[in-house]
Amino acid sequence: PEKVNILDVRTSAEYVFVGHAPMARNIPVTVLAEKWDAKERKPAMTTNPKFVDEARKHYKSDDLIVTMCGNGERGAEAARILKAAGFTNVLNMEGGFDGEHDKDCAGCGVGKLIKPGWRDCGLVWTWSVDREFFHAAE
């Protein structure tokens, strides 16, 4: 475990208010774009322009990094970005923190759990924030 680096790429708000693995470092792969996405009916997000630079501050290019997001999608994108930037030992955690849910359940909530996430597997998680691992927005 001391050789595995868990990189939580969700927003800082998700990291704090939804919970996180206590050993996971938070570096969001996406940030608010400061505009509204009318089609999706939510704030628009854009790739964090400082994501790779922040990762380089904390990890060497050959460190074992496991990316984690909510359901595995942003984690996969973060892993692709890190690999393209020269990180050689990057994996994505399928199911992320919350698990992957069936999207074919319009209007009935989150839908059936397809892949369990960190929390669903009964792994330790917390709402407590260790300042060393938390990404504070500038």
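Through the Karplus equation 6.51 cos²θ - 1.76 cosθ + 1.60, θ set to phi - 60°, convert the phi angles of region 16-26 into ³J(HN,Hα) values in whole Hz; use x for Gly and Pro.
Ordered by residue, 3J(HN,Hα) equals 7, 8, 8, x, 7, 5, x, 9, 7, 8, 9 Hz.
Is the C-alpha gyration tensor of region 45-97 telling us rounded, prolate or oblate? Criteria: a/c under 1.5 is rounded; beyond that, a/b larger than b/c is prolate, otherwise oblate.
It is oblate, given that a/c is not under 1.5 and a/b is not larger than b/c.
Of the DSSP beta bridges with both residues in the chain, give the percent that are antiparallel, rounding to the nearest 5. Can you show the working numbers first?
On the way: 8 of 18 bridges.
Counting only bridges with both partners in the chain, antiparallel ones make up about 45 percent.
Only helical DSSP H runs with n ≥ 4 go in: add -39500 (n - 2.57) per run for the chain, normalise by residue count and round the 222 nm mean residue ellipticity to 500 deg cm²/dmol.
Working: 3 runs with 26 residues, N = 138.
When only DSSP H runs of four or more count, the value is -5000 deg cm²/dmol.
Counting Lys +1, Arg +1, Asp -1, Glu -1, what net charge surrounds Gly95 among other residues with beta carbon under 12 Å of its beta carbon? Show your work: numbers first, answer last.
Values: positive: Lys115, Arg119; negative: Glu73, Glu94, Asp98, Glu100, Asp120.
Local charge sum for Gly95: -3.
With 10 Å bins from zero, work out the P(r) of the chain over every alpha carbon pair and list the percent per bin.
In order of increasing distance, the bins hold 12, 41, 36, 10, 1 percent.
Quick note: the coordinates plus some simple rules give every number you see, no bench work behind them. Treat the numbers as computed from the prediction; the structure is a model and nothing was measured. Positions of Cβ are backbone-derived with ideal geometry, glycine not excepted, and every protein chain shown enters the neighbour counts.
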